[in-house]
Amino acid sequence: MDPLNLVGFARELIDIESTTGREQAAGAWIASALERRGYHVERQMVADGRFNVIAWIDEPAVVFSTHFDCVPPFFPSDVRDGLLYGRGSCDAKGILASQVAAAERLRESGERRVGLLFVVGEERGSDGAAAANTVARRSAFLINGEPTDSRLGIATRGILRLRLKALGRAAHSATPQYGESAIDKLLDALVRMRSLAWPVDPELGETFYTLGLIEGGIAPNVISPSASAEVMFRIVGAADEVLRTVRTLEPAVAIEEVLRVPMVRLHTIPGVDASVFPFTTDVPLLDRWGTPMLFGPGSILVAHTANEHVRIAELESAVDRYVSLARACLASAAVHPGVR
């Protein structure tokens with residue numbers, strides 16, 4: 001089997017548009033590429049023709065994992081000045097390519113107990129990871145890939161996504177005394193939120209939130225009968241504690257939970273640079289795949305941007321690091337066979 005062309009593999013995958021919900025073609029390409037390299041490949045159906053790709057040679061003790069869906073808008077790959085550009089170059093198709101290259105290098109050395117798990121849907125609710133957890137193999141370690149500036153993760157924040165809804169009564173804007181503005185109620189609640197206290201963690205810091213969506217009203221000259229907003233909390237502790245605080249805004253607004261993913265603490269290796277990260281990953285939803293680790297080339301600061309890119313040298317060095325991490329995990333699994 002020919003050695004994997006890391007940049008070529010990454011570029012071919014990046015050039016397949018796979019915005020969340022449209023991952024079918026990219027999944028088919030990954031599965032076929034791994035089958036051609038002799039892997040056993042399972043296409044695990046998730047929804048709407050979308051599927052996760054699970055691949056292995058021998059029963060895996062260590063699994064490399066990441067996602068192949070991307071945020072919009074799609075733009076194809078390009079190489080300039082030692083940088084690989086394109087949607088997914090950093091988050092996370094470049095990472096996927098490095099993981100495949102690492103698995104291949106380990107395989108060439110005779111180590112066949114490293115599997116691959118590539119999932120859909122990470123950018124919009126992690127339905128792929130949730131599905132993958134139902135078919136977890138008996139691996140001891142899961143090494144998940146996200147852009148961590150080539151550092152191991154110590155811990156990552158969780159998320160709590162809430163929808164705040166306000167109801168009012170429509171009236172002509174010339175006679176506001178006969179109406180009740182839902183927008184005013186919602187805005188008052190959002191202003192009150194700024195003064196509330198949120199949980200703090202000594203490693204991850206303070207819980208924070210962003211207001212991502214807001215809508216309401218039916219016309220400029222009508223008192224708004226309804227309004228809503230979606231708030232994304234990046235949590236550092238129990239989601240229920242944040243939810244209890246938000247519920248102090250009731251009954252002025254109704255609180256609806258949309259999504260929660262817990263914070264997670266991760267396995268690290270002495271001597272390897274490590275840090276905490278403010279983002280959320282699929283790791284909390286893949287807890288049946290083994291003791292979790294987090295590592296990947298690239299920076300979160302360029303992920304999701306119009307300038308998304310990763311240094312090719314960092315992709316190449318990530319292959320070396322994934323190999324060394326896998327070997328350390330395999331050694332630990334041999335010494336402590338029950339480790340999870």
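Brief remarks on what is shown
- Table column - 3J(HN,Hα) (Hz), the range 212-229, Karplus curve with 6.51, -1.76, 1.60, x for Gly and Pro: x, 9, 8, 8, x, x, 10, 6, x, 9, 10, 5, 5, x, 7, 7, 8, 8
- Farthest positive-ward along the range 158-261 dipole, Cα basis, beta-carbon charges - from GLY168, PHE233, ILE214: GLY168
- Fewest-first ordering of PHE51, PHE277 by other beta carbons within 10 Å of each residue's beta carbon gives PHE277, PHE51.
- Segment GLU203-LEU83, length gained on full extension (0.36 nm per residue, minus Cα span): 40.0 nm
- DSSP beta bridges fully contained in the chain are about 70 percent antiparallel.
- Put simply, the amide H of ASP201, placed in the peptide plane, has neighbours under 5 Å in GLU206, THR207, leaving out anything fewer than 5 places away on its chain.
- For the range 155-198, convex hull of alpha carbons as volume per residue, Å³: 86 Å³
- Among VAL246, VAL191, the ranking by other beta carbons within 10 Å of each residue's beta carbon, starting with the fewest, stands as VAL191, VAL246.
- Stokes-Einstein translational diffusion, the range 1-82 - Kirkwood Rh over all Cα pairs, 1.002 mPa s, 20 °C, in µm²/s: 153 µm²/s
- Considering only GLY290, ALA303, SER317, and ranking their Cα positions along the charge dipole of the range 225-339 that arises from unit charges at the beta-carbon of Lys, Arg, Asp and Glu, the one farthest toward the positive end is GLY290.
- The charge dipole of the chain, taken about its Cα centre with unit charges on the Cβ atoms of Lys, Arg (+1), Asp and Glu (-1) only, comes to about 520 debye.
- Packing around the peptides 314-320, 294-300, taken as the average count of other Cβ atoms within 10 Å per residue, puts them in this order, highest first: 294-300, 314-320.
- From most to least packed by mean Cβ count within 10 Å, the peptides 282-293, 229-240 give 282-293, 229-240.
- Around the amide H of GLY115, modelled in the peptide plane, lie the amide H atoms of ALA61, VAL62, VAL63, PHE64, all under 5 Å away and 5 or more residues distant in sequence or on another chain.
- Three principal axis lengths of the range 1-157 [C-alpha, angstrom, descending]: 37, 35, 34
- Residue order, fewest to most beta carbons within 10 Å, for SER332, SER139, SER109: SER109, SER332, SER139
- Theoretical FRET efficiency, 1/(1+(r/R0)^6), r = Cβ-Cβ of ASP58 and VAL258, R0 41 Å, to 0.05: 0.50
- Normalised convex hull volume, the chain, alpha-carbon set, Å³ per residue: 149 Å³
- Based on the Stokes-Einstein relation at 20 °C and a viscosity of 1.002 mPa s, and on the Kirkwood radius from alpha carbon pairs, the range 158-261 is assigned a translational diffusion coefficient of 148 µm²/s.
- Relative contact order of the range 186-339: 17 percent, from C-alpha pairs under 8 Å at least 6 residues apart in sequence.
- Under the membrane-span-like helix rule (DSSP H runs whose alpha carbons stretch at least 24 Å along the helix axis, mean Kyte-Doolittle hydropathy -1.0 or higher), the chain yields 312-335.
Throughout, read-outs are computed from the coordinates displayed, never taken from laboratory work. A quick note: this is a predicted structure, and the numbers were derived from the prediction, not measured. For neighbour counting, all protein chains shown are included, and Cβ atoms are generated from backbone atoms with ideal geometry for every residue, glycine included.
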